[in-house]
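The values are calculated or read from the model by the stated rules, or taken from the named source; none is laboratory data. Not measured: the values here are computed from a predicted model. Reconstructed Cβ throughout: ideal geometry from the backbone, glycine too, with neighbour counts over all protein chains shown.
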Amino acid sequence: MFDAYLESFDFLKHKFKQLKGRQLVFSISGKIKSKKKMSQKQRNIIKKDLNQRLIYLERKAFISNIYIRIVYNYNDNNPPTVVNATKNMLDLMHVNVNQQNHNENKVVIRARLPYYDDSQVTFLSVRQNIEMESADSYVLIESFNSILQYANIESRLKSTKDIDHNNRSNDAVDFSKQIYYPANSLEYKIEMYRRQKQILQINEIVPFYFDLLYNHNKYHRKGNFFDNILFTILKYPIRVSITISQDKNDITECKKLFKEKLAQFKRDNPFFSSLYGPTILSVFYKPQKNIDIKDIDNFIQKIVAPCFEDEFKPPFRMFAPTKEEMEAIKAVGYCNNLNGHIIGYDILKLPSDNKHNEGFCIIGFHMENHSDVIASLKNGIEEIINNV
């Protein structure tokens with residue numbers, strides 16, 4: 001009888017609500033800038049405020065691997081880049097035990113900040129919104145193990161109730177069909193955006209990957225580990241065998257290699273030589289074992305984002321208008337400084353295996369709204385629960 005309950009719809013519904021109750025959600029008012037743009041006093045004020053919130057909630061720092069979702073809302077046309085703000089934000093949520101500034105972390109309780117160290121961050125999802133009514137940041141943190149259970153719950157709910165909950169668009173696009181609009185006209189850019197958006201949709205991180213990557217042995221075939229499996233799933237991946245060490249010379253070499261890979265990708269796929277929509281990166285990263293590696297936020301900030309942005313120069317809006325178009329549409333407050341920057345990224349640190357010591361990075365990119373895979377996954381579960 002008890003075993004039957006553990007497999008029932010009611011138990012899955014209870015488990016889902018239980019997991020959601022363990023998440024930590026908070027917001028920070030005001031504009032989060034890069035570390036260089038915020039004083040130590042401003043940073044300490046935020047840390048002390050987080051201390052008080054965790055004390056009020058009777059919560060202590062996560063000790064497990066964690067998932068973090070960050071959404072920035074800015075109400076001006078001069079926001080920091082999403083990677084620089086995130087580098088600062090992640091540091092604000094834990095204590096730097098090796099601080100050089102004696103004023104850093106002053107009167108801050110380490111156990112009453114969200115987590116202890118950046119190395120705990122296994123999955124990081126970041127988005128940026130501009131032209132909101134106010135400036136603030138929304139943060140959600142929960143155990144990464146919960147993420148694996150969410151994927152399992154959705155899978156079992158579908159199986160239990162025989163529900164197909166696939167929200168992906170089925171509208172086919174003929175990518176080989178000629179575009180008759182003049183090149184670089186507004187109509188041409190909109191059509192290219194529509195085609196690129198749909199063909200890149202498959203590059204998004206989806207719930208299936210969690211089960212696939214963290215339980216890959218059951219999918220394993222001889223010589224076919226999860227990095228090879230990823231290549232059969234992603235339609236347009238960029239693979240780079242690198243590990244980001246602390247050495248500046250190594251970082252320079254990694255950037256050179258990464259740019260070469262990106263340039264080669266553009267030569268092989270001229271359809272993406274110019275991007276016509278706001279771009280989000282999907283990054284799968286497996287660090288090389290037994291070396292001093294950079295944390296997950298440094299990996300994006302130092303290598304991936306600057307190289308990708310330099311090579312692809314993605315627009316912040318759906319299309320990047322010319323000066324004439326801007327004058328014609330009177331685009332007040334258009335964020336020129338954001339052109340050439342990504343608007344968000346998802347980075348998933350892959351589990352290590354005992355047979356392969358090589359570090360590598362697989363990059364996918366897509367054009368979507370400001371949701372992310374976990375928010376979509378939870379919404380999917382709730383929709384099934386509410387409609388069954």
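When segment 111-155 is filtered for residues that are of a type in the set (D, E, K, R) and surrounded by 16 or more Cβ atoms within 10 Å (Cβ to Cβ), the ones remaining, listed by number, are 112, 118, 127, 136, 142, 154. When segment 38-47 is filtered for residues that are of a type in the set (Lys, Arg) and either over 13 Å from residue 106 (Cβ atoms) or buried (at least 17 other Cβ atoms within 10 Å of the Cβ) (or both), the ones remaining, listed by number, are 43, 47. So residue 32 fits all but one of (1) surrounded by fewer than 14 Cβ atoms within 10 Å (Cβ to Cβ); (2) assigned to a loop (DSSP other than H, G, I, E, B); (3) of a type in the set (A, V, I, L, M, F, W, C); what number is the exception? Residue 32 satisfies all of (1) surrounded by fewer than 14 Cβ atoms within 10 Å (Cβ to Cβ); (2) assigned to a loop (DSSP other than H, G, I, E, B); (3) of a type in the set (A, V, I, L, M, F, W, C) except (1).
Considering only segment 120-140, state which residues are over 15 Å from residue 299 (Cβ atoms) and among the small types (Gly, Ala, Ser). Residues satisfying the conditions are 134, 135, 137. Picking from residues in segment 170-185 that are surrounded by 10 or more Cβ atoms within 10 Å (Cβ to Cβ) and closer than 22 Å to residue 280 by Cα, the one that is modelled with the lowest pLDDT is 173.
Within segment 305-352, being surrounded by 14 or more Cβ atoms within 10 Å (Cβ to Cβ), at pLDDT 60 or above and of a type in the set (D, E, K, R) holds for 309, 311, 313, 317, 346, 349. Within segment 67-77, is there a residue that is in a loop (DSSP other than H, G, I, E, B) and surrounded by 14 or more Cβ atoms within 10 Å (Cβ to Cβ)? Yes, some residue in segment 67-77 is in a loop (DSSP other than H, G, I, E, B) and surrounded by 14 or more Cβ atoms within 10 Å (Cβ to Cβ). Against the conditions (1) surrounded by fewer than 17 Cβ atoms within 10 Å (Cβ to Cβ); (2) over 18 Å from the mean Cα position of the chain (by Cα); (3) modelled with pLDDT of 70 or more; (4) not hydrophobic (A, V, I, L, M, F, W, C), residue 239 satisfies every one except (2).
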